[in-house]
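**Student:** There's a structure below that I have some questions on.
The values are calculated or read from the model by the stated rules, or taken from the named source; none is laboratory data. Computed from a predicted structure; not experimentally measured. All Cβ positions, glycine included, derive from the backbone under ideal geometry; neighbour counts span all protein chains shown. These accessible areas exclude ligands, DNA and RNA; they are computed on the full protein's heavy atoms, side chains included. Shrake-Rupley method; radii C 1.70, N 1.55, O 1.52, S 1.80 Å.
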Amino acid sequence: MSDTTRTSGDWLRQNLPRLVLSPSFAITLFFVYGFILYTAWISMTRSRMLPKLDSFVGFENYGKLWKTLNWQIALDNLAIFGTLYILICGVLGLLLAILLDQKIRAEGFLRTIYLYPMALSFIVTGTAWKWFLNPGLGLEKSMHEWGFHSFSFDWLINPKMAIYTVVIAGVWQTSGFVMAMFLAGLRGIDNEQLKAAQLDGASAFQTYRRIIIPQLRAVFLSAFVVLAHMAIKSYDLVVALTGGGPGNATEVPATFMYSYTFTRNQMGVGAASAMVMLMTIAAIIVPYLYAETREKRHG
Amino acid sequence: MSSLSIRDVHKAYGPTEVLKGIDIDIDSGDFLVLVGPSGCGKSTLLNMIAGLDSITSGEIRIEDKVVNDTHPSERDIAMVFQSYALYPNMNVEKNISFGLEMRRMPRKQRRERVAEVAQMLQIEPLLKRKPSQLSGGQRQRVAMGRALVREPKIFLFDEPLSNLDAKLRVDMRTEIKKLHQRLGSTIVYVTHDQIEAMTLATKIAIMKGGVLQQLGTPAELYNQPANMFVAGFMGSPSMNLIPAELVASDGEPAVRMVRKDESSMLLPVGDNPAYRDWIGKPVILGLRPETITDVGSAEQDSPLLFQGECLIDVTEPTGADVFAIIELNGREVVGRMRASCGAKVGEKLSVVFNMRHAVLFDPQTEGRIG
Amino acid sequence: MASAVDTGVQSGRFWRVLIYVTLIVFAAFYLLPLFVMLVTSFKSLDEIRQGNMLALPLEWTIAPWISAWGSACVGLTCEGIHGYFGNSIKMVVPSVLISTLLGALNGYVLTKWRFPGHRWIFGLMLFGCFIPFQIVLIPMSQVLGLFGLAGTTAGLVLVHVTYGIGFTTLFFRNYYEAFPNELVRAAMIDGAGFFRIFWRILLPSSGPIIVVTIIWQFTNVWNDFLFGASFAAGQSAPMTVALNNLVSSSTGVKEYNVHMAAAMIAALPTLLVYILAGRYFVRGLMAGSVKG
């Protein structure tokens, strides 16, 4: 083989993997990181309906953002929604996983039922629950027809309670997924430990509390990260279920960002709110991804 | 003709050097075994010969052509991997012929070659099966078939038997040896098992910590180990290494041995000129278990046979033999007796030391004296 | 491997019954909305107004489904949702195929052809799929406008491929991580090159992960609302956007039965995939959250 052909062939051979990866990486750099920088810049300009790149105002929009009542409502709502959503999904998921793990007949069938909402779009979920909780024709009416005339359920149109309907629908959609995560964790625990615990005289309850659940720490962490990140990003569900209403009672950061950017012509403020969302998610996701993808020695 | 020549080869991953200047030459038809404990760099060296790992410095030649920058597929080598690395989606026939297909050999010729190899390895009935349908030994054969069919200049084996059970391992070992004798091919074979090394090799390169300890025939390594590491690594049970003082007894160099009852005996080690400088100094005496025997199984024509009463601490019967443990200079020493020698724990036995095969080491450098 | 505490002595009968009752009650909780959706979609509007939401239809009718598909008003046009359903398909198929192929190639490079910095590249790509997409809405709408892709299905395909490759790469990377390196080395010695090793050795063994990835991407892209609402206006909107417009339009009488039929139509493709290949769907969910 002649030397000249080899050098050109070798260059290609050596760099082919990089070449193959480069389009995806370039796309990521441009569409993710480039766009983040661009939005960061917009958040520091006086952009309103359209981006105005030369009107730098520093952190003015962030100050404005924090003085906006709607943003305060959005943050309060996110705190309520996020806390309850994560907590209930976690508790319910763990409970169902433990119950399903008791050598249940038709376990596969039940699991399928618990998990199917995860395959639906949040828009479908929102539509279904909106109808189910409809104050005139939904659950309330059914209860009345069954004789519970004092039953009243108007959360969907009650500004104080509407955010809780979002929690219900969100939990309905995601808790089965959390169940699946915990179930996988439970199945990963070595059976012999459980036998040992039994011989040590631990009751079923003690075995779960002292031996099994402590070993699920990684699943708790994963579930928390996934749920927290979904809570912060949640947009579709709120739009479909309450549309942010009644009034602005169920405003969340994601809906806030959308309306301020595209309908209220406050692009600078909208961009600032998007940056705040990004920072919050990054604070949760980055350490998690770092820990999860860290090179496992040996492999 | 030198078939493979490795010159001052170094390998470094960042600041850690895993190969520190290896020099090995083998001839065409040689069976070179690279042996050593895990982490000694033997697999890295094999991968560098294959072209799967880059060479930090030095030179590797295959039939006098420097291959440092040659792609693995162009080095004219074939490799048998530890996990066999059979392509799971292809049947046996496809697995064997894949390399030929990549080299654009016509289909008809490929078939002939595969058939030939399949016959040689007796895997003809397996040709249409997938790897997942094969037993460990069958996979091993297919992996060898894949290498054989290519008729390369050098075969590389990376611990090929380590995934087999004990019995199959011995069978396959014999098979590989037969194959080598029949084809006269050049083989480089990596293992951590010294018995495999001894039985297969025409040449052994024993490595430790990225350094070549000794290169030689199995007999050379066994009888004249270059240092205490080689002495301890080759042979099972391994060589007894006993600290002792070299003294002059009737003008001849001898080692002083203190037994468990604190009585001492002098064992002459033969008149090697190199020993004279060491008289009066501490040395390490190396004695293989088979040179410490009962009276009946001693090597009768040895000029250096010495007898002494020793207390038996432990006996380990293996069937034909009994390994008896005695204490010399405060060390446990293993001797190999016939099962019928009557050694009993807690009793004394007349033990013969065959000092013809004794070796002495420098306690500081651990190198062999003489 | 079940981890249930398996007492040789059966735990009390009472507890077993309680466990089953609890599990069945929750099954009802998860099924109820779907059930209500389904029965409502087969009722006439009159029956909905007068009857019980939870009752089966007295008179089954498929008129709501026909109306939802062909004549319900979405925005100003009254042609049903079939066009939007088609939009979603036209968007989903290329997005899924392209992002899966790219993910497979990326995963292959990132595990079998590593080069310095590969972990950084992967980390940066992975983070890209967790960002709140609000952060890219403003520049993306401008870029799509610049390329003339604003409001088109092609534009949405670009968006979904862009923000999907992080996950597809993750899936294939984790899968190929466990694929023996020795096979690649053997193929290399056999003389196969970069692409040949991929096509002949890795891809034929990638069936399960391809299914997982396709299902994951299909579900995500089909169910997306934010990008669809932001970048596809009017007639080119995907199914989810059309459904939302249909349901929340404030003009005229609210035809709940038609809304529910439309919601069912929007849900059917992903639901079908879930029922047919649930195992792979769950594996995708897991792989997307619990790595390694």
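**Student:** To the nearest 100 Å², how much accessible surface do chains C and A hide from each other in total, with a 1.4 Å probe? Mind dumping the intermediate values first?
**Tutor:** Values: alone 17180 and 18490 Å², together 26450 Å².
What C and A bury together is about 9200 Å².
**Student:** If you don't mind, another one. Once the cut-off is 53 Å, how many percent of the Cα-Cα pairs in the protein assembly as shown end up in the long-distance tail?
**Tutor:** Everything past 53 Å amounts to 39 percent.
**Student:** Which whole-Hz ³J(HN,Hα) couplings does segment C:25-36 yield from phi under the Karplus relation 6.51 cos²θ - 1.76 cosθ + 1.60, θ = phi - 60°, glycine and proline marked x?
**Tutor:** 4, 5, 4, 5, 4, 6, 7, 3, x, 5, 4, 4
**Student:** Multiply the residue gap between A:K103 and A:K160 by 0.36 nm, knock off their C-alpha separation, and tell me the result in nm, one decimal place.
**Tutor:** 16.3 nm
**Student:** Please identify the trypsin sites (Lys or Arg not before Pro) of segment C:78-163 that satisfy two criteria: DSSP loop assignment and at most 16 other Cβ atoms within 10 Å. Which are they? Intermediate values should be presented prior to the final figure.
**Tutor:** Working: sites: C:K90, C:K112, C:R114, C:R119; in loops: C:R114.
Those that pass, being in a loop and sparsely packed, are C:R114.
**Student:** How much length is gained if the chain between B:E151 and B:E116 is pulled fully straight, taking 0.36 nm per residue apart and subtracting their Cα-Cα distance, in nm to one decimal?
**Tutor:** Value of the extension gain: 11.4 nm.
**Student:** Can you grab the distance from the C-alpha centre of segment B:313-370 to the C-alpha centre of segment C:195-260, Å, no decimals?
**Tutor:** Going from one Cα centre to the other spans 78 Å.
**Student:** Using a Gaussian network for chain A with springs between C-alpha atoms less than 10 Å apart, which of these wobbles most: A:G82, A:G201, A:G136?
**Tutor:** In the Gaussian network model the winner is A:G201.
**Student:** For segment C:99-215, just list the percent of Cα-Cα distances falling in each 5 Å bin from zero outward, please.
**Tutor:** The percentages, shortest bin first, are 2, 11, 19, 18, 16, 13, 9, 7, 3, 2, 0.
**Student:** Counting Lys and Arg as +1 and Asp and Glu as -1, what is the net charge of the other residues whose Cβ lies under 11 Å from the Cβ of B:S54?
**Tutor:** Numbers: positive: B:K11; negative: B:D53, B:D69.
Surrounding charge for B:S54 is -1.
**Student:** Pairs of Cα atoms under 8 Å, at least six residues apart: use those to get the relative contact order of segment B:1-93, whole percent.
**Tutor:** Values: 128 pairs, mean separation 27.9, N = 93.
Relative contact order here is 30 percent.
**Student:** Suppose R0 equals 41 Å. What FRET efficiency, 1/(1 + (r/R0)^6) with r the Cβ-Cβ distance, do A:R187 and B:D76 give to the nearest 0.05? Show your work: numbers first, answer last.
**Tutor:** Working: r = 50 Å, r/R0 = 1.22.
The calculated FRET efficiency here is 0.25.
**Student:** Hey, quick one: spin label on B:E366, modelled 7 Å out along Cα-Cβ, who in segment B:14-44 has an amide N within reach, i.e. under 20 Å?
**Tutor:** Once the point is set 7 Å along Cα→Cβ of B:E366, B:17-23, B:34-43 turn out to lie under 20 Å by backbone N, inside segment B:14-44.
**Student:** Suppose a student asked you for the relative contact order of chain B, using Cα pairs under 8 Å spaced at least 6 residues apart; what percent would you report?
**Tutor:** Relative contact order of chain B: 15 percent.
**Student:** Can you pull out the trypsin sites (Lys or Arg not before Pro) in segment A:106-163 that DSSP calls coil and that have at most 14 other Cβ atoms within 10 Å?
**Tutor:** When the trypsin sites (Lys or Arg not before Pro) of segment A:106-163 are filtered for loop state and at most 14 Cβ neighbours within 10 Å, A:K160 remain.
**Student:** Count the net charge of all other residues whose Cβ sits under 10 Å from the Cβ of B:E245, scoring Lys and Arg as +1 and Asp and Glu as -1.
**Tutor:** Residues close to B:E245 contribute a combined charge of +2.
**Student:** Still on this structure, please answer the following. Hey, in the GNM for chain B with a 10 angstrom Cα cutoff, which one of B:E327, B:E299, B:E74 fluctuates hardest?
**Tutor:** In this elastic network of chain B, the residue with the biggest mean-square fluctuation among B:E327, B:E299, B:E74 is B:E74.
**Student:** Please provide three numbers in whole Å: the alpha-carbon extents of segment B:195-275 along the principal axes, with the largest listed first.
**Tutor:** Principal extents (Cα only, largest first): 42, 30, 24 Å.
**Student:** Here's another thing I want to ask about it. Relative contact order, percent, of chain A when contacts are C-alpha pairs under 8 Å separated by at least 6 residues?
**Tutor:** After rounding, I find 29 percent.
**Student:** Can I ask one more? Tabulate in residue order the Karplus-calculated ³J(HN,Hα) for segment B:184-189, using 6.51 cos²θ - 1.76 cosθ + 1.60 with θ = phi - 60°, rounded to whole Hz; enter x for Gly and Pro.
**Tutor:** x, 7, 8, 10, 10, 10
**Student:** Give the aspartates and glutamates reachable from C:K90 as a straight Cα distance under 19 Å; neighbours fewer than 8 places away on the same chain don't count.
**Tutor:** List returned: C:E79, C:D224.
**Student:** Amide H neighbours of A:N134 under 5 Å, counting only residues 5+ apart in sequence or on other chains, H built in-plane at 1.01 Å?
**Tutor:** So A:N134 has HN proximity to A:L139.
**Student:** Once the Cβ-Cβ distance between C:R49 and C:I275 is put in as r, and R0 is 30 Å, what FRET efficiency do you end up with, to the nearest 0.05? Mind showing how you got there, number by number?
**Tutor:** On the way: r = 33 Å, r/R0 = 1.09.
That gives a FRET efficiency of 0.40.
**Student:** Let me ask another. Name the residues whose placed amide hydrogens come within less than 5 Å of the amide hydrogen of B:S249, ignoring near sequence neighbours (fewer than 5 apart) on the same chain.
**Tutor:** When sequence neighbours closer than 5 places are left aside, the close amide H contacts are B:A254.
**Student:** Take the alpha carbon gyration tensor of segment A:60-293, find the square roots of its eigenvalues, order them as a ≥ b ≥ c, and report rounded if a/c is under 1.5; if not, report prolate when a/b exceeds b/c, else oblate.
**Tutor:** Since a/c reaches 1.5 but b/c is at least a/b, the shape of segment A:60-293 is classed as oblate.
**Student:** How many percent of all Cα-Cα pairs in segment B:240-369 sit more than 23 Å apart? Spell out each step's value before the answer.
**Tutor:** Values: 2451 of 8385 pairs.
Pairs farther apart than 23 Å: 29 percent.
**Student:** Continuing with this model, one more query. What does the net charge come to around C:A229 if you take all other residues with beta carbon closer than 15 Å to its beta carbon, with K and R at +1 and D and E at -1?
**Tutor:** Around C:A229, the charge tally is -1.
**Student:** Can you pull the one-decimal nm distance between simple spin-label points at A:S55 and A:D10, each 7 Å off the Cα toward Cβ?
**Tutor:** Placing both labels 7 Å along Cα→Cβ, they lie 5.9 nm apart.
**Student:** Taking springs between alpha-carbon atoms closer than 10 angstrom, which of B:I326, B:I49, B:I206 fluctuates most in the Gaussian network model of chain B?
**Tutor:** B:I326
**Student:** If you don't mind, there's one more thing I want to ask. Determine ³J(HN,Hα), in whole Hz, for all residues of segment C:259-271 in sequence, where each value follows from phi through the Karplus function 6.51 cos²θ - 1.76 cosθ + 1.60 and θ = phi - 60°; x replaces Gly and Pro.
**Tutor:** Once θ is set to phi - 60°, the couplings for segment C:259-271 become 4, 5, 4, 5, 4, 5, 5, 5, 7, 4, x, 6, 5 Hz.
**Student:** What aspartates and glutamates does B:K344 reach when the alpha-carbon gap must be under 14 Å and sequence neighbours fewer than 8 apart in one chain are set aside?
**Tutor:** Within the straight-line cut-off, B:K344 pairs with B:D294, B:E309, B:D313, B:E316, B:D321.
**Student:** Where a Cα-Cα gap under 15 Å defines reach, which aspartates and glutamates qualify for B:K130, not counting those fewer than 8 residues away within the same chain?
**Tutor:** Hits, sequence-local ones excluded: B:E93.
**Student:** Volume per residue, Å³, of the convex hull around the alpha-carbon atoms of segment C:82-289?
**Tutor:** Convex hull of Cα atoms, per residue: 139 Å³.
**Student:** Simple spin-label model, 7 Å along Cα-to-Cβ: B:A12 to A:L19 in nm?
**Tutor:** 3.2 nm
**Student:** What is the calculated FRET efficiency for B:K281 to B:T56, with r their C-beta to C-beta distance and R₀ = 41 Å, to the nearest 0.05?
**Tutor:** The pair B:K281/B:T56 has a calculated efficiency of 0.55.
**Student:** Across chain B, where is the longest run that never hits trypsin sites (Lys or Arg not before Pro) in a DSSP loop with at most 14 other C-beta atoms within 10 Å?
**Tutor:** B:129-259
**Student:** List the residues, sorted by chain then number, that are 5 or more residues from B:L4 or on another chain and whose placed amide H is less than 5 Å from its amide H.
**Tutor:** B:I26, B:E63
**Student:** What's the longest piece of chain C with no exposed GluC sites (Glu not before Pro), counting a site as exposed if DSSP puts it in a loop and it has at most 15 other beta carbons within 10 Å?
**Tutor:** C:80-292
**Student:** Could you give the radius of gyration (one decimal) and Dmax (whole number) of the Cα atoms in chain B, in Å?
**Tutor:** My reading of the Cα-based Rg and Dmax gives 24.7, 78 Å.
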